[in-house]
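Below is one structure; the comments refer to it alone.
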Amino acid sequence: MTDADRAAERVARDSYGRLLAYLSARSRDISLAEEALAEAFARALSTWPDVGVPDNPDAWLLAVARNAMTDRQRHLTRFHTDAEVPDMPAPEAAQDLPDERLTLLMVCAHPAIARDLHTPLMLQTVLGIEARVIARLFMVSPTALTKRLVRAKAKIRAARIPFSLPAHEDLPNRAAAIMEAIYAVHGVDWVSPGDGLGDEALYLADLLARLLPQDAEAAGLAALIAFGHARAQARVRDGILVPTDTQDTALWDATLQAYADRQLTRAFALGAPGRFQIEAAIQQVHMRRKGTGVTDWEALNRLYHALLQIAPSTGARVAQAAVTARVHGPAAGLEALAQIEVEAGTDVQPLWAARADLLAQLGEGAQAEVAYDKAIALATDMPVIRFLRGRRDALIDRI
Amino acid sequence: MRYTFLLYTDPADLANMTEAEGMAQRQAYQSYIEALNAAGVFVDTDWLQPVTTATTLTLKGGTRQVQDGPFADTKERLGGYFVIEVPDLDVAMSWAEKCPAAQTGKVEIRPSAMPTG
C-alpha cells in the first residue's frame, strides 16, 4: 500500500466512522444506521461512475443515508421503535458534523455489553470492518460473532444505552474500557503482524488520544501502539521472530517512532502516570537503541518494577526476570523465574523461553534443551516456534 | 424510558436474618423508596411471597405450559422488583447500584417493552 492509498483509506475511514456515529447517535439504532449507510455507499458506487463524484461526497452520502433510514422506519411499523430521525442539516463535509465517535466508542465499550464484544463492535462501527474479517482475526466463528453483534446492537437500542458522554465520575472507567478494547486490537496485531490490524489499532488509539486530549493514558496507549507498530517490519524476518534487542533498527519506522515519542512526552506532561504510559516508556527505552546503539537495561529494570506495582501480570514478571538477568546475571534471572513458576504454574510459555536462554548462557546445555522443547511445545505462533527451534538447534550444534 | 429492577436474593440469607437485621433491611428499602420518590423516578414496587409460591407459564411451542417454580435454576431467587422511569440505561444502572438487593444479591434490569405515551 502506498502512502497515497493509505491517506485515501484514512479519509474514507474517517468519513465512514463520523457518518455512522452521527446517524447512530440521532436514531439510537446502530443497525439501522449501518444499513442506511451501506445503501448510500452502494448507491454511490452505482451512480458516481456515470454522473461523477459530487462536490461534497459526505453530504451526499449523509442525505441518501438519512432518506434510507426514514424509508426503512416506515417499513418497520410492525414493531414499535423509539428510533427517530429528526431533520438533519446538510453539512459541508463530514468534518463539519459534530464528531460523535467518542460517544459511539463509549456505547461499544459499555459495561452492559459483553466485554469480549467491545473490540469487535468498535472495529465494525467506527472502522466499518466486516464481521467475518473480525471473526477471522479473533479466531471465532463468523456466524456466531455476526449473531452476537446483531444482538448487541439490538440491546443497545432496546435498553437505550445512551449516546452521550457518561457522568464525570464514570468517565475514567468508561475511557479505560475503550482503551482495553483498543489494546486488544494491538494484541491481535502482535501475534500475527502480517495480516493483523496494526493500522486499525493505531487509528483508534490516535483517535481516542485526540478525542480525550486531557487523558494521559489515552496518549500513553497511542504511544505504546505506535512504538510497537513502528517495529512491525523488524519483528519477524523470513518467518522467524526477532527479539527487540537484536532487531535491525534500520527497519524501524522513524515517523511512527517520532509520533510515539511526542505522544509519550505529552502524556507525561499531564502528570497522571498509568500502565499504558509505563509500557510505552519500556518500548521507548528499547527503541532508543536506534540512536545510542545500546539498550539501557537499568532503565528497563526500573520501569518493569514500576509496571509490576501498578499492573502485575505474569507476562510482565517474566520480562522483568529477563531484564534482571541482564543487570544481575543469568543466575539471578533463573531464581526470579523459579519464583514465578511457583506462583503462576508451570505452563507459562515465555517463562520457558526465558529460562532456556538463561540456562544456555550458563552453559547448562542439556537443561537448556529441555527448556527449549517445553517452550516450543507451549508456543502457538509459527514465528516464535521457528525462533526457538533455531536457538535450540544452535545449542545442540555447540554441544 | 421505564425500567424494571428484578431483585434476586438467596432465601437462605433471609431465613438466617435476626429480627433486628430484618428491621434494618425493611428500613433500607423504605429509604430507597423515599430516595426514588424524591427524585421523581419511582413508579411501582412490590414485595413478593417466597419462591415456593411461584408459577411459571409459557406459550412457547404453541401450547400453554405451566411450571411450578421460578424460571432459572440458580441460587438466587426473585424476591421483588422496582419499576422506575428514567431517560436511559446509565441512569437505570445507577439506581440499580443503590438498590439494597445489589448488596447481597443480583438486580436484573429489563427495559420495558410497553410502547410509551
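The values are calculated or read from the model by the stated rules, or taken from the named source; none is laboratory data. Computed from a prediction, not measured in an experiment: that's the story for all the values here. Here the Cβ positions follow ideal geometry from the backbone for every residue, glycine too, while neighbour counts run over all protein chains shown. Only protein heavy atoms, including side chains, enter the accessible area calculation; ligands, DNA and RNA are left aside. Shrake-Rupley method; radii C 1.70, N 1.55, O 1.52, S 1.80 Å.
For A:Gln257, the conditions (1) open to solvent by less than 60 Å² (accessible area, probe 1.4 Å); (2) more than 20 Å from the chain's Cα centre (by Cα) all hold with the exception of (2). Taking the criterion of being open to solvent by 60 Å² or more (accessible area, probe 1.4 Å), over 16 Å from A:Val384 (Cβ atoms) and not in a helix (DSSP H, G or I), the only residue of region A:223-252 that qualifies is A:Asp248. The condition of being away from chain A (no Cβ under 14 Å) and either modelled with pLDDT of 80 or more or in contact with a strand residue (DSSP E or B) (Cβ under 9 Å, 6 or more places away or on another chain) (or both) holds for B:Gln65. Among the residues of region A:48-66, is any at pLDDT 50 or above, more than 24 Å from B:Pro87 (Cβ to Cβ), exposed (fewer than 12 other Cβ atoms within 10 Å of the Cβ) and within 14 Å of chain B (Cβ to nearest Cβ)? Within region A:48-66, none of the residues are at pLDDT 50 or above, more than 24 Å from B:Pro87 (Cβ to Cβ), exposed (fewer than 12 other Cβ atoms within 10 Å of the Cβ) and within 14 Å of chain B (Cβ to nearest Cβ).
Whenever a residue of region B:85-99 is more than 8 Å from chain A (Cβ to nearest Cβ), its partners that are among the charged types (D, E, K, R) and open to solvent by 50 Å² or more (accessible area, probe 1.4 Å), lying with C-beta atoms within less than 6 angstrom and at least six residues away or across chains, give the pairs B:Glu85/B:Arg2. Look through region A:73-105, keep the residues that are assigned to a helix (DSSP H, G or I) and modelled with pLDDT of 85 or more, and return whichever of them is farthest from the chain's Cα centre (by Cα). It comes out as A:Thr103. Could you check region B:1-43 and list, in sequence order, the residues that are under 26 Å from B:Asp68 (Cα atoms) and either part of a helix (DSSP H, G or I) or touching a strand residue (DSSP E or B) at 6+ places or on another chain (Cβ under 8 Å) (or both)? If the condition is that a residue be under 26 Å from B:Asp68 (Cα atoms) and either part of a helix (DSSP H, G or I) or touching a strand residue (DSSP E or B) at 6+ places or on another chain (Cβ under 8 Å) (or both), then B:Thr4, B:Phe5, B:Leu6, B:Leu7, B:Tyr8, B:Thr9, B:Asp10, B:Pro11, B:Ala12, B:Asp13, B:Leu14, B:Ala15 are the ones that fit.
Taken as a whole, region A:299-317 holds at least one residue that is in contact with a Leu (Cβ under 7 Å, 6 or more places away or on another chain) and either at pLDDT below 95 or closer than 30 Å to A:Ala216 by Cα (or both). Figure legend. Inter-residue proximity from region A:226-241: first residues more than 21 Å from A:Leu208 (Cβ to Cβ), second residues among the aromatic types (Phe, Trp, Tyr) and at pLDDT 90 or above, beta-carbon distance below 8 Å, spacing 6+ or different chains. Indicated pairs: A:Arg231/A:Trp252; A:Gln233/A:Trp252; A:Ala234/A:Trp252; A:Ile240/A:Phe387; A:Leu241/A:Phe387.
Just so you know, in region A:140-157 the residues that are open to solvent by 50 Å² or more (accessible area, probe 1.4 Å) and either of a type in the set (S, T, N, Q) or in contact with a His (Cβ under 8 Å, 6 or more places away or on another chain) (or both) include one that is farthest from the other protein chains (Cβ to nearest Cβ), and it is A:Ser141. Checking each residue in region A:172-193 for being at pLDDT below 85 and either more than 13 Å from A:His229 (Cβ to Cβ) or within 12 Å of another protein chain (Cβ to nearest Cβ) (or both) picks out A:Val191, A:Ser192. With the condition kept exactly as written, say whether any residue in region A:158-171 is surrounded by fewer than 19 Cβ atoms within 10 Å (Cβ to Cβ), touching a residue at least 40 places away in the same chain (Cβ under 8 Å), out of contact with any Gly (no Cβ under 6 Å at 6 or more places or on another chain) and away from every other protein chain (no Cβ under 12 Å). Checked against the condition, which is being surrounded by fewer than 19 Cβ atoms within 10 Å (Cβ to Cβ), touching a residue at least 40 places away in the same chain (Cβ under 8 Å), out of contact with any Gly (no Cβ under 6 Å at 6 or more places or on another chain) and away from every other protein chain (no Cβ under 12 Å), region A:158-171 yields no hits at all.
Within region B:101-116, does at least one residue satisfy the condition of being within 14 Å of chain A (Cβ to nearest Cβ), at pLDDT 85 or above and closer than 18 Å to B:Leu7 by Cβ? Checking region B:101-116: at least one residue is within 14 Å of chain A (Cβ to nearest Cβ), at pLDDT 85 or above and closer than 18 Å to B:Leu7 by Cβ.
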